[in-house]
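S.K.: Can you read through this structure? Questions will come right after.
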Amino acid sequence: MIKRFFSRQLVVSAKLTTLAQTAFAVAIAFGVAPWAIALNLWVNPSLAGDPFRNREPHQIGDQTEAAFKAMFQQGNYPAAERYLEQAISKEPNEPLAYAMKASLAYGNKDWSKLDTYSQKTLETGQKLITSDPLRGNLYTAVGHFLEGAVVLTRQGTVNGIPQAFSRLRQVYEYLDKAEAISANDPELNLIKGYMDLLLAVNLPFASPDQAIGRLEQNASPQYLVDRGIALAYRDLKRYPKALEHVNRAIKTTSDNPEIYYLKAQILKNLGQKEKNQQMIQEAIANFDKALTKKSQLPSDLVKQIERERKNAASLNNP
């Protein structure tokens, strides 16, 4: 299965940014699930900036938490960059900060920074294992995943497969170690759920329902759970279910332009499939809503939204 995953990297690469921003940058979570952490890490909530857990927070850092919220709750990339600079200065041992920097570098096609921050994610994850085994093993896995992305980016699909395959084996080795510590942890299930969805929507023998179940049952925060499931249903062409989940995400992240972009994609595809001009018009309206905040989005993403809006407009022939 892993070899086939990498052999289809050309298909998957278009989705790597989303995965990186969620799975790596931990695209995801405000602790909603009250799972007991087996490590007995009783951290003072005033000292812990934990966007994944409401109870028994792990010490992550206020600047890292602010960057996470800016990126995933608000869709404000310049603000996220500013917070991340502060996080790296004030919270230098937090691997999530480096993972988010790596994901931003990937989105910006800055391969040098991707390499740098992938290495830092791996290094800080490994160091964290002694004090926080759950998150240390989790971000060691994330670091290896990012390093695999670096290999494929630099060496190409054919030449990079052997090294990337080795990295992916290490990813799941460390994910298994984290899962053995706390199988119901929301941060773990958020990241692993996104990884499983990436595989499930691209491999014919993988089960998207199992990955969706992992997200629904144990991951957090809910808005990123719904966003991930909406992305999966979009790629599976199950558009009514995708629309249901993106609307749920909008209820709690109504200021995030990326959510309206996702809704526009779903409506455009559904309208095209059903030959429904009203849906296509609604899709155009959502593309436009996303573009009202284009100043806070990466320039390449803005260009992509504009291209897709133009395509939708070409279908809008009453």
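The values are calculated or read from the model by the stated rules, or taken from the named source; none is laboratory data. Predicted, not measured: the structure shown is a model, and the values here were computed from it. No Cβ is skipped: glycine too gets one built from the backbone with ideal geometry, and neighbour counts run over all protein chains shown. Only protein heavy atoms, including side chains, enter the accessible area calculation; ligands, DNA and RNA are left aside. Shrake-Rupley method; radii C 1.70, N 1.55, O 1.52, S 1.80 Å.
S.K.: If you go through segment 247-269 one residue at a time, do you hit one that is of a type in the set (A, V, I, L, M, F, W, C), within 24 Å of Glu65 (Cβ to Cβ) and touching a residue at least 40 places away in the same chain (Cβ under 8 Å)?
M.R.: yes
S.K.: Here's something else I'd like to know. Out of the residues in segment 236-254 that are part of a helix (DSSP H, G or I) and open to solvent by 50 Å² or more (accessible area, probe 1.4 Å), state the one that is modelled with the lowest pLDDT.
M.R.: The selected residue is Thr252.
S.K.: Another question, then. So which pairs qualify, if the first residue must be in segment 101-114 and polar (S, T, N, Q), the second must be open to solvent by 10 Å² or more (accessible area, probe 1.4 Å), the Cβ gap must be under 8 Å, and the two must be at least 6 apart or on different chains?
M.R.: Within 8 Å, the pairs are Ser103/Thr17; Ser103/Gln21; Asn108/Pro298; Asn108/Asp300.
S.K.: Further question on the same structure: What pairs can you find where one residue is in segment 222-234 and under 23 Å from Gln272 (Cα atoms), the other is modelled with pLDDT of 90 or more and open to solvent by 20 Å² or more (accessible area, probe 1.4 Å), and their Cβ atoms are less than 6 Å apart, with a gap of 6+ or different chains?
M.R.: Short answer, once both residue conditions are applied: Tyr233/Lys241.
S.K.: Also: Here's a check for you: in segment 208-235, which residue that is in a helix (DSSP H, G or I) and touching a Pro at 6+ places or on another chain (Cβ under 8 Å) is nearest to Glu65 (Cα to Cα)?
M.R.: Asn218
S.K.: Testing Asn184 on (1) touching a Gly at 6+ places or on another chain (Cβ under 7 Å); (2) in a loop (DSSP other than H, G, I, E, B), one condition comes back false. Which one is that?
M.R.: (1)
S.K.: If Gly75 passes every condition in (1) outside any loop (DSSP other than H, G, I, E, B); (2) over 19 Å from Ala219 (Cα atoms); (3) touching a helix residue (DSSP H, G or I) at 6+ places or on another chain (Cβ under 8 Å) but one, which one does it miss?
M.R.: (1)
S.K.: Oh, and also: Applying the selection to segment 255-280, what residues are outside any helix (DSSP H, G or I) and either touching a Phe, Trp or Tyr at 6+ places or on another chain (Cβ under 9 Å) or over 20 Å from Val302 (Cβ atoms) (or both)?
M.R.: Asn256, Lys275, Asn276
S.K.: So if I check each of Asn108, Asn76, which one is farther than 25 Å from Thr252 by Cβ and within 19 Å of the chain's Cα centre (by Cα)?
M.R.: Asn108
S.K.: Can you tell me how many residues within segment 116-146 are part of a helix (DSSP H, G or I) and surrounded by fewer than 19 Cβ atoms within 10 Å (Cβ to Cβ)?
M.R.: 6
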